[in-house]
Amino acid sequence: MSTFQNATSSSIIFLLTGVPGLEAFHTWISIPSCFLYITALSGNSLILFAIVTQPSLHEPMYYFLSMLSTTDLGLSISTLVTMLGIFWFNAREISFNACLSQMFFIQLFTVMESSVLLAMAFDRFVAISNPLRYASVLTDLKIAQIGVAIITRGTLIQIPIQVLLKRLSFCRSHVLRHSYCFHPDVMKLSCTDTRINSAVGLTALITTAGVDSIFILLSYLLIIRTVLSIASPQERKKAFRTCISHIGAVAVFYIPLIGLSFVHRFGKQAPPYVHTLIANAYLLIPPVMNPIIYSVKTKQIRRAVLKVLHTGAAQK
C-alpha cells in the first residue's frame, strides 16, 4: 500500500474501495446494487408523487411519510455515483472536498431520517392518545415547523464535524475502505490528533440516533399504555395496526445501524468485505424497504400508488 507525504486536506485525493477481496466480482455485484438503487429511487418517488397529487393523503401522517421518502431519496443519491462508479468504471478517485461534501449529505440525511422517525412516532402517539385533537395539534404550520427543525438540526450537527475534518492533514495511505466517504474511515488516515473529531462524532451519534431511539421507545410505551386502556379488542387491534408500518421503518433503520456499529467495534477479525457489505446495506436497506413497507401495510398508500400507476398507464 503506497504512502504519501504529509499534505493539507485541500490537496488530497482519496481512493475509494469497492468490496475488498471481491474485486473480480464487481460487475456481478453491480447488478443487485443497481436494482436496489432503482427500487429505492422509483419507490420513494412514487410515494412522494402520490402524496403530493392525491388530496386524500393530505394528512399529517402522510406529510411525515413524504419527509421520510424525501430523506431516503437524498440518502440514495448521495452514494449512488461513487458506488456504481466503482463497480462499473473502477472510478475510485475522489478529492477531499468532494469527499467532505458526500460525507456531509450522507450524515445529514441519516440524522434527518432519525428525526423524521421520531416525528412519526409523536404523530402516532397523538393520533391514538388524543384522536379528537389530532388535527388541531398537528396543523400544517406545525408540520412545516417540524420539517424546518429537522433540517436545521441535521445541518447544525454536521457543521462542527466538517470544520474539524478540514483542519486535519494526511500522511498515511489515502485508500478508504468503503465505496463512499465514511467519517471514521477518513479520520483513521490522518496523521493529526483526531481525539476531538472522534469525541464530536460520538457526541453527534448519541444526540441524534441515541436520543431519538429513546424517545421513540418512550412514545411506544405510552402508545401501548393508551391502547391497553381501550375496552374493545377490535379497537385495540385497529390502533396497533396503524403503527405497524412505522415500527417496520424504525426496524430497517436501526437494525443495520446497530449491526454496523457492532461490526466496527467487535468484528475486527471479520473479512474486510463483511464491513463493506454491511456499511452498504446500512445506507441502502431503509430507502429500499420503506416504500415497500408502507405500500404493503398502509391501505391508503397502496390505493394511491395503484391509482397513480393506473393513471400513468392509461395516459400512454
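The one condition from (1) within 25 Å of Glu23 (Cα to Cα); (2) part of a helix (DSSP H, G or I) that Ala121 does not meet is (1).
Restricting the first residue to the range 19-42 and requiring it to be more than 14 Å from Trp88 (Cβ to Cβ) and assigned to a helix (DSSP H, G or I), which pairs with a second residue that is open to solvent by less than 90 Å² (accessible area, probe 1.4 Å) and of a type in the set (A, V, I, L, M) meet a Cβ separation below 6 Å and a spacing of at least six or different chains? From the range 19-42, the pairs are Leu36/Leu284; Leu36/Val288; Thr39/Val288; Ala40/Val288.
When each of Ser245, Ser229 is tested for being among the small types (Gly, Ala, Ser), open to solvent by 80 Å² or more (accessible area, probe 1.4 Å) and over 25 Å from Phe104 (Cα atoms), the lone residue that passes is Ser229.
Among the residues of the range 209-240, the ones that are assigned to a helix (DSSP H, G or I) and free of Cβ contacts under 8 Å to residues at least 24 places away in the same chain come to 16 in all.
If the condition is being part of a helix (DSSP H, G or I) and in contact with a Pro (Cβ under 9 Å, 6 or more places away or on another chain), then the range 258-277 contributes His264, Pro272, Tyr273, His275, Thr276. Does Leu141 meet the test of being closer than 24 Å to Phe14 by Cβ, open to solvent by 10 Å² or more (accessible area, probe 1.4 Å) and of a type in the set (A, V, I, L, M, F, W, C)? Considered against the rule, which asks whether it is closer than 24 Å to Phe14 by Cβ, open to solvent by 10 Å² or more (accessible area, probe 1.4 Å) and of a type in the set (A, V, I, L, M, F, W, C), Leu141 comes out as no.
Among the residues making up the range 168-202, those that are open to solvent by 50 Å² or more (accessible area, probe 1.4 Å), free of Cβ contacts under 8 Å to residues at least 60 places away in the same chain and either within 12 Å of Phe96 (Cα to Cα) or in contact with a helix residue (DSSP H, G or I) (Cβ under 9 Å, 6 or more places away or on another chain) (or both) are Ile196, Ser198.
The values are calculated or read from the model by the stated rules, or taken from the named source; none is laboratory data. Just so it is clear, the model here is predicted, and its values are computed rather than measured. Ideal geometry is used to build each Cβ from the backbone, glycine not excepted, and the neighbour counts take in all protein chains shown. Heads up: the accessible areas ignore ligands, DNA and RNA and are worked out on the full protein's heavy atoms, side chains in. Shrake-Rupley method; radii C 1.70, N 1.55, O 1.52, S 1.80 Å.
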